[in-house]
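Asks: Please find one structure pasted underneath; my questions will follow.
Just so you know, all these numbers are worked out from the coordinates, no wet-lab data involved. What you see is a predicted model, and the numbers here were worked out from it, not measured in a lab. Methodologically, a virtual Cβ is constructed for each residue, glycine included, from the backbone with ideal geometry; neighbour enumeration extends over all protein chains shown.
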Amino acid sequence: MAGPRIVHSSLTLAAASAIADGVLDVARAEKMLPLGVAVLDAAGSLVAYKREDGAGILRFDIALGKAWGALGMGLSTRAIRDRLKDMPAFLNALTSASGGRFVPVPGGVLVLDRDGAAVGAVGVSGDTSDNDEHCAVLAIQRAGFGSEPAESPKAHRS
């Protein structure tokens, strides 16, 4: 009888760590508020999480909900929010179906491989939603992956 087999992830710990560190590097360079960042693989498993000193205790849940929502729907949370703005009943249904884990505001971004397939998602929380998304997009791209959305909104201080 063979022993346990290695189970491959769609997103390695090294890649997830590079993305998480990249998010925080962008945030520090642009003097944003303290962030939490969650990186999930394609199965929805948490591969990496980092929370900066000073980030509130809800940042983990919000970042996870943004990543989980993007991965669950196959769209960035910005796209989900925009598509569902006139469909509150469906938005409520998604929130209920996800057990409340779905956070449909910008900051949840898909991680794409060279073929455009989603291999994971990143959720960022702590600054404005636009700035959260900006950090995620830049970090994903700097780690050598594609992102959805492909471009980040211009970061700004509010």
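Asks: Taking interchain pairs and intrachain pairs at least six residues apart, which have beta carbon atoms under 7 angstrom, with the first residue in the stretch 81-96 and more than 22 Å from ASP130 (Cβ to Cβ) and the second part of a helix (DSSP H, G or I)?
Replies: Pairs found: PHE90/LEU84.
Here's the yes/no breakdown for (1) closer than 19 Å to LEU112 by Cβ; (2) surrounded by fewer than 24 Cβ atoms within 10 Å (Cβ to Cβ):
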{"position": "ALA18", "(1), (2)": "yes, yes"}
{"position": "LEU24", "(1), (2)": "no, yes"}
{"position": "LYS31", "(1), (2)": "no, yes"}
{"position": "VAL39", "(1), (2)": "yes, no"}
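Asks: Identify, from the list MET73, MET87, the residue that is under 13 Å from the mean Cα position of the chain (by Cα), surrounded by fewer than 22 Cβ atoms within 10 Å (Cβ to Cβ) and of a type in the set (A, V, I, L, M, F, W, C).
Replies: Answer to the selection: MET73.
Asks: Which is on the phi > 0 side of the Ramachandran plot and surrounded by fewer than 16 Cβ atoms within 10 Å (Cβ to Cβ), of GLY116, GLY107, GLY56?
Replies: Testing whether each residue is on the phi > 0 side of the Ramachandran plot and surrounded by fewer than 16 Cβ atoms within 10 Å (Cβ to Cβ) leaves just GLY116.
Asks: Moving on. Where the second residue is among the basic types (Lys, Arg) and assigned to a helix (DSSP H, G or I) and the first is farther than 16 Å from ILE19 by Cβ and lies in the stretch 48-69, which pairs have Cβ atoms under 9 Å and are six or more apart or on separate chains?
Replies: Taking only residues 6 or more apart or on different chains, not a single pair turns up.
Asks: Exactly one condition in (1) of a type in the set (S, T, N, Q); (2) within 25 Å of THR12 (Cα to Cα); (3) outside any loop (DSSP other than H, G, I, E, B); (4) touching a residue at least 12 places away in the same chain (Cβ under 8 Å) is false for SER152; which is it?
Replies: For SER152, the failing item is (3).
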